[in-house]
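Quick one: the structure is below, and I'll ask about it shortly.
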Amino acid sequence: MNVYAIRAIYLFELARTWRTLLQSIATPVITTSLYFVVFGSAIGANMSQVQGVSYGAFIVPGLIMLALLTESISNASFGIYMPKYSGTIYEVLSAPVSYLEIVIGYVGAAATKSVILGLIILITARLFVDFEIVHPFWMVAFLLLTAITFSLFGFIIGIWADGWEKLQIVPALIVTPLTFLGGSFYSISMLPPLWQTLTLFNPVVYLVSGFRWSFYGVSDVNVTVSLGMTLGFLLLCLVAVWWIFRTGYRLKN
């Protein structure tokens, strides 16, 4: 494996984060802080506990997951789309670098940035509410697994997109609404039976539920099912990336 090639791609993508620090780090943190002020303080003050957890603490995993999903997709899709847009993707494809090394470099950098952002938001949340992490190992595991999975998903979107507007379609019109409807700000047990059943078709429910379990030991869905669904989506993304490089879809034409 060409470690030097992976390192070059990885460090180049990370360097872009520091050049756009306001957009990459500051904006998501400020946005999440506003969610804490509005939902945690204003609304949470008038709500009782949810599943034995104060409302302000209850929404912490959901807010972290919201930022993690959107930033993972955004970082990875923009990272691979820029070489396509500028034409430098052909230099990467013609270099003595395997497809696996290319994916590791781009996806690894995007996942790293997302994990750093998630940890910063976790620290920021501590300024607003008190919370505990019952299963710290599984919290880190879900954080890493989600970041890698949705960075792969963003990588696929970046290859699929043939214009700047398409980079925003999936995060803005699909992922963000699914996250809001996936139990980020409430327990799905609070919904009527019909809506509880329909909500289970939302894949984000399993991510948020598993991540919340790692914090408080409570979840809307069995944690084994949550982990299985996450791994299943990861496998699906890996198959899609393999097919893209095998066929050259929107890379060689």
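So in segment 28-47, with the set limited to residues that are at pLDDT below 70 and small (Gly, Ala, Ser), which one is farthest from Trp213 (Cα to Cα)?
Here is the first cut: in segment 28-47, the ones at pLDDT below 70 are 40-47.
Now restrict to residues that are small (Gly, Ala, Ser): 40-42, 44-45.
Values: Gly40: 19, Ser41: 22, Ala42: 25, Gly44: 20, Ala45: 23 Å.
Among those that are at pLDDT below 70 and small (Gly, Ala, Ser), it is Ala42.
Okay, next question. Test Leu100 against the criterion of being under 14 Å from the mean Cα position of the chain (by Cα), in contact (Cβ under 8 Å) with a residue 40 or more places away in the chain and within 24 Å of Phe78 (Cβ to Cβ), and give yes or no. Before you say what the answer is, go through the steps one by one.
Working: under 14 Å from the mean Cα position of the chain (by Cα): no; in contact (Cβ under 8 Å) with a residue 40 or more places away in the chain: yes; within 24 Å of Phe78 (Cβ to Cβ): yes.
No, not satisfied.
Of the residues Val115, Val97, only one is outside any helix (DSSP H, G or I) and either modelled with pLDDT of 80 or more or within 30 Å of Trp213 (Cβ to Cβ) (or both); which? Explain how you work it out, then say what you get.
On the way: Val115 fails: outside any helix (DSSP H, G or I).
Matching residue, one of Val115, Val97: Val97.
Out of the residues in segment 129-150 that are in contact with a Gly (Cβ under 6 Å, 6 or more places away or on another chain) and not in a helix (DSSP H, G or I), which is surrounded by the fewest Cβ atoms within 10 Å (Cβ to Cβ)? Can you show your working first?
Residues of segment 129-150 in contact with a Gly (Cβ under 6 Å, 6 or more places away or on another chain): 129, 134, 142-143.
Next cut, not in a helix (DSSP H, G or I) only: 129, 134.
Details: Val129: 17, Val134: 12.
Among those residues, the one meeting the criterion is Val134.
Does segment 184-217 hold any residues that are surrounded by fewer than 17 Cβ atoms within 10 Å (Cβ to Cβ), aliphatic (A, V, I, L, M) and within 24 Å of Phe36 (Cα to Cα), and which are they?
Met190, Leu191
Can I ask one more? How about segment 167-191: which of its residues are polar (S, T, N, Q) and not in a helix (DSSP H, G or I)? Steps first, please.
The initial filter retains those residues of segment 167-191 that are polar (S, T, N, Q), namely 168, 176, 179, 184, 187, 189.
Scanning segment 167-191 gives Ser184, Ser187.
Is there any pair linking a residue in segment 164-175 that is touching a residue at least 60 places away in the same chain (Cβ under 8 Å) and closer than 14 Å to Ala76 by Cα to one that is buried (at least 18 other Cβ atoms within 10 Å of the Cβ) and of a type in the set (A, V, I, L, M, F, W, C), with Cβ under 6 Å and at least six apart or on different chains, and which?
Leu167/Ala161; Val170/Ile157; Pro171/Ile73
Taking into account only those residues within segment 65-118 that are out of contact with any Leu (no Cβ under 9 Å at 6 or more places or on another chain), within 18 Å of Phe245 (Cα to Cα) and of a type in the set (Val, Ile, Thr), which is surrounded by the fewest Cβ atoms within 10 Å (Cβ to Cβ)?
In this case the residue turns out to be Thr88.
Report yes if Gly183 is in contact with a helix residue (DSSP H, G or I) (Cβ under 6 Å, 6 or more places away or on another chain) and small (Gly, Ala, Ser), otherwise no. Explain how you work it out, then say what you get.
Numbers: in contact with a helix residue (DSSP H, G or I) (Cβ under 6 Å, 6 or more places away or on another chain): yes; small (Gly, Ala, Ser): yes.
Yes.
The values are calculated or read from the model by the stated rules, or taken from the named source; none is laboratory data. Keep in mind that what you see is a predicted model, and the values were worked out from it rather than measured. Positions of Cβ are backbone-derived with ideal geometry, glycine not excepted, and every protein chain shown enters the neighbour counts.
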